[in-house]
1. Does B:Ala62 satisfy the condition of being outside any loop (DSSP other than H, G, I, E, B), over 24 Å from B:Leu161 (Cβ atoms), touching a residue at least 12 places away in the same chain (Cβ under 8 Å) and away from every other protein chain (no Cβ under 14 Å)?
2. If you check B:Gly239 against the conditions, is it assigned to a loop (DSSP other than H, G, I, E, B) and more than 30 Å from B:Gly84 (Cβ to Cβ)?
3. Does B:Pro41 satisfy the criteria of being within 18 Å of the chain's Cα centre (by Cα) and of a type outside the set (Asp, Glu)?
4. Tally up the residues in the stretch B:8-25 that are under 27 Å from B:Ala81 (Cα atoms), under 22 Å from the mean Cα position of the chain (by Cα) and either in a loop (DSSP other than H, G, I, E, B) or free of Cβ contacts under 8 Å to residues at least 60 places away in the same chain (or both), please.
5. Which one of A:Ala57, A:Ala35 is buried (at least 24 other Cβ atoms within 10 Å of the Cβ), in contact (Cβ under 8 Å) with a residue 40 or more places away in the chain and within 14 Å of another protein chain (Cβ to nearest Cβ)?
6. Among the numbered criteria (1) part of a helix (DSSP H, G or I); (2) at pLDDT 95 or above; (3) within 20 Å of A:Val234 (Cβ to Cβ), which one does A:Val75 miss?
7. Just to be sure I understand, how many residues within the stretch A:48-59 are part of a strand (DSSP E or B) and either over 15 Å from A:Thr116 (Cβ atoms) or hydroxyl-bearing (Ser, Thr, Tyr) (or both)?
8. Among (1) over 20 Å from A:Asn345 (Cα atoms); (2) in contact with a Phe, Trp or Tyr (Cβ under 7 Å, 6 or more places away or on another chain), there is one condition A:Arg294 misses while meeting the rest; what is its number?
Number of protein chains: 2
Amino acid sequence: MPIGLPAVPELMPVSGIELGSANGNISKAEKDDIALIRCAPGTITSAVFTRNRFCAAPVTVAREHLRRASTQALVVNSGNANAGTGKAGILAAETICELAAAGLGIPADSVLPFSTGVIGEQLPVAGFEQSLPRCIESMSNDNWLAAARAIMTTDLVPKGLSRRFELDGATVTLTGIVKGSGMIRPDMATMLGFVATDAVVGQAVLDQMLRQSVETSFNRVTVDGDTSTNDACVLMATGRTETPIIDDPDDPHCAVFSSVLNELMSRLAQSLIRDGEGATKFVTIDVTGADNERNAGEIAFTVAHSPLVKTALYASDPNWGRILAAVGRARVAQVDTNQVSLTINGTRVLENGEPSPTYTEQAGQEAMAPAEIRIRINLGSGTGKFTVWTSDLSYDYVRINAEYRS
Amino acid sequence: MPIGLPAVPELMPVSGIELGSANGNISKAEKDDIALIRCAPGTITSAVFTRNRFCAAPVTVAREHLRRASTQALVVNSGNANAGTGKAGILAAETICELAAAGLGIPADSVLPFSTGVIGEQLPVAGFEQSLPRCIESMSNDNWLAAARAIMTTDLVPKGLSRRFELDGATVTLTGIVKGSGMIRPDMATMLGFVATDAVVGQAVLDQMLRQSVETSFNRVTVDGDTSTNDACVLMATGRTETPIIDDPDDPHCAVFSSVLNELMSRLAQSLIRDGEGATKFVTIDVTGADNERNAGEIAFTVAHSPLVKTALYASDPNWGRILAAVGRARVAQVDTNQVSLTINGTRVLENGEPSPTYTEQAGQEAMAPAEIRIRINLGSGTGKFTVWTSDLSYDYVRINAEYRS
């Protein structure tokens, strides 16, 4: 069960966005596995993609289509990543764009393709040919939840969130859906995220807000340190509200919109971890007192990726020496171990490099018992800080990933 | 069961080295957990230690004693790492050296302490006080196997190896024992290694040979990417043979000795992986064609540490896309994905970035079935290469590390 993740709340329609889904038998799961998202003409679209060098065919094609044309539709499948598929994979991604475009009566390069699932198998294009017409028939602006289900792979639950707020007297809606639960680490998680708003936003500001927001949300979660070949996060602004255009980063409207966007993106990112593969703990790792933000992040991720820290978390075992060992091997120029302090869920474990006199094994066990754990590491040196959200390493993580293709 | 690891062979005595062991109730295991190694006066000793900044108290003390005096004895315990123990831990490490020194009638700073086991608990010095006399009584030059058993923690089997060879008409013996099976990665593994020879070797050359040898053995194995706070590898040369002194790196005797030492150290390092925590596969990752050795190593370790690659190995699942994904996220300046080729146990999977036309799922499954797997990644760029030995990620790894302290 996901950790502390309430059932997906009502996902509010965004004016100018319609969604449809169908089962194209791309995945082995008995559920819809193709989603089609249409955005009204005039929509401004921004996207960030995986930094994995072996990026999937749809990532290559989506980048190219974004350069060439305004986006009018997104076609997304789960069950097959269309990655490691060579030139045939590129052709398949182009073909599904053409199929979607023909059905919608729009140019092929106004369609962006997204795939998630098994790497190294050719995408079965026939499934799209058969199912895209049903996708199109089912389209409505109230279909966000169905689309969230269609993009799931090992996710246990659909994940999405909406926010509605006032901006200069007009009502703005932000709705986003995400998938992902393993092969999760920046940059970015094995995730697809699709977020839309009806606000009127200029391209440059939209790009900037998306990048900034991803940096403090999806780039701060990690399940296993593995970066997917297919990650993508798309932000669409349909411009259907009556608000003035947000095209100046110094405009107060921009700050309001950004803060809502950042909060939504952070929660969506955290929902990936709460539904992390085999996760039994939701863990926040706060590093403070580092020489700079980069070093704080390096240490936070080293702790978050340590299999020994993760198995201790799974066991609710206050084996805090493993946290120190991870801090001590992180790739940073220097750590003064005599300045390091550590707390686990508020229980002081280490103060300035010495075991805390108030610490007891029982206090440690109580601190490690809850499903939500906050590890605070203060390096006692500078002002650099960084927060990472992660999960533990359980039998179920191994089972899920050992059985994934079978 | 360890993978392809024959029962420990006869460990040949090394003239000038005596070993004893006893159960000091330091660990919960019903076995000896203290070993004492005495080396004859005149022995030249070289040692390398963990690069973890949170190094354990015995590491700090051993480094200091090495600077101050010639080594005449090593006192080693399993069950408690004496790490994260602050000033009290330093005092405990000094005290056990004094206890051993008093028993043997030698100066305290001629004793080096080594500990391995749980981090963050104070070392029970009383156990040494009671048991060191029994260690000393049991000392003999034929006790290598008993010492190998005494230093075990989660190791399933004792690990050691001997080599005997001719050098300039005299017979030289090299015998080494190691422990370690988790928290294993360079630099170095969670390991203790004690290797002795009766050859006559100068200090500078001994240091150089040890460092070089560790670089291509213990620094190339990884179980989980976690670096211990306690790693140490010691090489002792008692000088009891009739060979000429080895003190010139350009001397052919040095080359002969080095090659035997390197072979022994590589096999000892590999034995850690073959007995890796929960390991069901022994995996060799060969990266070639990199721009330089550093990049080759970075890629090899990224693949070796990927939880997704490791769970696929556990499942014998030819999910080779996960290998590509790990290559693609490695921290190297550039990889031309169109030049990358991949084979698994000789089966061609990817050639110049394209799926191999001869590859089939069945061929992949057959390639992944054996307990010994060789993954070859050719980056098709330069001449840099690197080999890493690793294991898979199994239920048992999680069980062992979740239950470790209980």
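1. Numbers: outside any loop (DSSP other than H, G, I, E, B): yes; over 24 Å from B:Leu161 (Cβ atoms): no; touching a residue at least 12 places away in the same chain (Cβ under 8 Å): yes; away from every other protein chain (no Cβ under 14 Å): yes.
Criteria not met by B:Ala62.
2. Working: assigned to a loop (DSSP other than H, G, I, E, B): yes; more than 30 Å from B:Gly84 (Cβ to Cβ): yes.
Taking the combined requirement at face value, the residue satisfies it.
3. Working: within 18 Å of the chain's Cα centre (by Cα): no; of a type outside the set (Asp, Glu): yes.
Spelling it out, it is not the case that B:Pro41 is within 18 Å of the chain's Cα centre (by Cα) and of a type outside the set (Asp, Glu).
4. 2
5. Details: A:Ala35 fails: within 14 Å of another protein chain (Cβ to nearest Cβ).
Testing whether each residue is buried (at least 24 other Cβ atoms within 10 Å of the Cβ), in contact (Cβ under 8 Å) with a residue 40 or more places away in the chain and within 14 Å of another protein chain (Cβ to nearest Cβ) leaves just A:Ala57.
6. Among (1) part of a helix (DSSP H, G or I); (2) at pLDDT 95 or above; (3) within 20 Å of A:Val234 (Cβ to Cβ), the lone unmet condition for A:Val75 is (1).
7. Pass one, the stretch A:48-59, residues part of a strand (DSSP E or B): A:48-49.
Among the residues that remain, those that are also either over 15 Å from A:Thr116 (Cβ atoms) or hydroxyl-bearing (Ser, Thr, Tyr) (or both) are: A:48.
Selection size over the stretch A:48-59: 1.
8. Failed condition: (2).
The values are calculated or read from the model by the stated rules, or taken from the named source; none is laboratory data. Computed from a prediction, not measured in an experiment: that's the story for all the values here. All Cβ positions, glycine included, derive from the backbone under ideal geometry; neighbour counts span all protein chains shown.
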